Amino acid sequence: MTLLSLPPADRHSLWEDALGLLVGTSLMALAVMFLKASGLITGQIAGLSLIASYVGGWSFGAVFFVLNLPFYLLAIRQMGWRFTLKTFAAVGLLSAWTEVLPDLVRLDPQHPAVSAVLFGVLAGMGLIVLFRHGATLGGVGVVALWLQDTRGIPAGAVQLGFDLAVFALAMAIFDWQVVAVSLLGAVILNLMVIINHRRDRYVGRS
């Protein structure tokens with residue numbers, strides 16, 4: 001049974017899914033703003049995109065969109081068109097939010113640890129909302145949901161494993177204190193997903 005065949009996803013109407021994608025991606029965009037306001041990083045494709053934006057001066061939204069493109073093939077083959085289209089829409093929305101929100105909202109966190117914690121909480125909530133509506137933000141999220149659905153491996157654990165690889169790369173570029181504080185946010189994010197996105201707890205069983 002694929003992710004898209006699970007009962008909760010089938011119970012959402014088109015408008016409910018649209019609202020879910022808007023809410024989930026806006027939370028993620030705000031989370032990214034906290035990271036950038038304190039010069040922090042994160043894992044997964046978002047983390048690679050942030051590293052590229054810091055090092056190369058490129059737009060986070062543009063890099064994030066491009067890096068996600070190869071993962072759509074896996075999404076189509078393993079998760080179906082419905083999941084893929086929702087994920088494509090979510091990635092596009094997040095890219096747009098990250099371009100628009102900085103012109104509308106100003107953040108001035110007084111300590112990077114505060115940004116890391118708020119990132120973890122906001123991003124965790126955002127991903128859970130997207131997962132509930134049969135979508136993710138592409139990249140590792142596609143692989144994580146597929147492995148949870150087919151192998152029973154918690155999605156948060158898969159994401160955390162990839163995050164550690166990204167942070168290992170970041171150690172060669174950023175100060176170790178920046179990486180350490182950033183890791184705090186990634187751990188909070190993935191713990192929220194591990195605890196709150198579980199088939200045995202939230203999916204009805206026949």
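General remarks:
- Neighbours of GLY24, meaning other residues whose beta-carbon lies under 15 angstrom from its beta-carbon, give a summed charge of 0 when Lys and Arg score +1 and Asp and Glu score -1.
- Summarising the amide proton neighbourhood of THR136: residues at separation of 5 or more, or on other chains, whose placed amide H is nearer than 5 Å comprise THR87.
- For ASP103, ASP17, ASP175, order by how many other beta-carbon atoms lie within 10 Å, fewest first: ASP103, ASP175, ASP17
- Estimated Rh, the chain: Kirkwood, alpha-carbon pairs, angstrom: 16.9 Å
- The C-alpha atoms of the chain define a longest principal axis, and helix 44-56 lies at about 30 degrees to it.
- The angle separating the long axis of helix 14-37 from the principal Cα axis of greatest extent in the chain is about 20 degrees.
- Cβ-placed point charges (K, R +1; D, E -1), dipole of the chain about Cα centre in debye, nearest 20: 560 debye
- Relative frequency of Cα-Cα separations exceeding 16 Å in the stretch 1-109, percent: 63 percent
- For the stretch 140-153, 3J(HN,Hα) per residue [Karplus equation, 6.51 cos²θ - 1.76 cosθ + 1.60, θ = phi - 60°, Hz, x = Gly/Pro]: 5, x, 4, 5, 4, 5, 5, 5, 5, 6, 9, 10, x, 7
Taken together, the values in this text are just the output of simple stated rules run on the coordinates, not laboratory data. Small disclaimer: the values here were computed from a predicted structure and weren't measured. Every residue, glycine as well, gets a Cβ built from its backbone with ideal geometry; the counts of neighbours run over all protein chains shown.
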